[in-house]
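**Student:** One structure follows; several queries about it will come next.
What follows draws every value from the coordinates through simple rules; no lab data is involved. Remember, it's a predicted structure, so these values are computed and weren't measured experimentally. Here the Cβ is made from the backbone with ideal geometry for all residues, glycine too, and neighbour counts use every protein chain on show.
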Amino acid sequence: MQVRWSDVDLFAHVNNAAYLRFLDDARFALFPSMGVDPAGRPTDSLLVVVKHEIEYLAPLPFRPEPIAVEVWVPRTGRSSVDFGYEVLDVAGPGGAEPVVYLRARSRMVQLDRGSHQPRPFTPDERAVFETYPGEAPVLHGW
């Protein structure tokens, strides 16, 4: 992903709200059919974010080099799914270990579009999430 000038705040680093866009864009790139069909029309299901947990590990300044956003699925429940994320350098400078700027997790719940009540995943929906397994990201508590 490219850091845009509008992502940077008065402290000369990526603003916390811009990171949410990075996470959303990366998640949707991996799972483009979340709530829409191939033509972009809404489906009967609707995945909504119910929780984000974010740990900011290092400031990310504006720069021309892209950043990577890794996404995986540590847990798939009956009607909810958790996503893990890391925002990091595509490659560390001079072959060094990449800098991890952010580690996060999100929970989404699938709702029926008509009733707005949780709807269980179908076996096909579950299979898509299970294609991207991984451990839950470890975030430090307060």
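**Student:** Which residues' amide hydrogens lie under 5 Å from the amide hydrogen of Leu47, considering only partners 5 or more residues apart or on another chain, with H built in the peptide plane?
**Tutor:** HN-HN under 5 Å from Leu47: Gly35, Leu111.
**Student:** While we're on this one: Given H placed on each backbone N at 1.01 Å, which residues far from Tyr101 in sequence or on other chains put an amide H within less than 5 Å of it?
**Tutor:** Under 5 Å from the amide H of Tyr101: Val87, Leu88, Asp89.
**Student:** Less than 16 Å from a label point 7 Å out along the Cα-to-Cβ axis of Glu130: which backbone N atoms in the stretch 69-112 qualify, by residue?
**Tutor:** 73-82
**Student:** Hey, got the dipole for the stretch 5-130? About the Cα centre, +1 on K and R Cβ, -1 on D and E Cβ, debye to the nearest 20?
**Tutor:** 420 debye
**Student:** Quick one: net charge around Ala136, please, counting Lys, Arg +1 and Asp, Glu -1 for every other residue with C-beta under 14 Å from its C-beta. Don't skip to the answer; put the middle values down first.
**Tutor:** Working: positive: Lys51, Arg75, Arg103, Arg105, Arg107; negative: Glu53, Glu55, Glu70, Asp82, Glu86, Glu135.
Summing Lys/Arg as +1 and Asp/Glu as -1 gives -1.
**Student:** Return one number: the angle in degrees, 0 to 90 and rounded to the nearest 10, between the long axis of the Cα atoms of helix 16-30 and the longest principal axis of the Cα atoms of the chain.
**Tutor:** Tilt of helix 16-30: around 50 degrees.
**Student:** Would you please give the residues with an amide H less than 5 Å from that of Leu60, counting only those at least 5 places away or on a separate chain, with H modeled from the backbone geometry?
**Tutor:** Those qualifying (amide H under 5 Å, at least 5 residues apart or on another chain) are Val14.
**Student:** Further question: All other residues with a Cβ under 14 Å from the Cβ of Met1 taken together, and with Lys, Arg as +1 and Asp, Glu as -1, what is their net charge?
**Tutor:** Details: positive: Arg4, Arg21, Arg27, Arg63; negative: Asp7, Asp24, Asp25, Glu65, Glu70, Glu86, Asp89.
Spelling it out: positives minus negatives among the neighbours equals -3.
**Student:** Can you tell me how much longer the chain between Asp112 and Leu139 gets when fully stretched, taken as 0.36 nm per residue apart minus their C-alpha distance, in nm with one decimal? Mind dumping the intermediate values first?
**Tutor:** Details: separation 27, 0.36 × 27 = 9.72 nm, distance 3.11 nm.
Difference between extended and current length: 6.6 nm.
**Student:** From the list [x] 1.13; [y] 3.36; [z] 1.02, can you say which value of Cα Rg over 2.2 N^0.38 Å was derived from the structure given?
**Tutor:** Among [x] 1.13; [y] 3.36; [z] 1.02, the one derived from this structure is [x].
**Student:** Which of Gln117, Phe31, Val50 sits farthest toward the positive end of the charge dipole of the stretch 1-135, with +1 on the Cβ of Lys and Arg and -1 on the Cβ of Asp and Glu?
**Tutor:** Gln117
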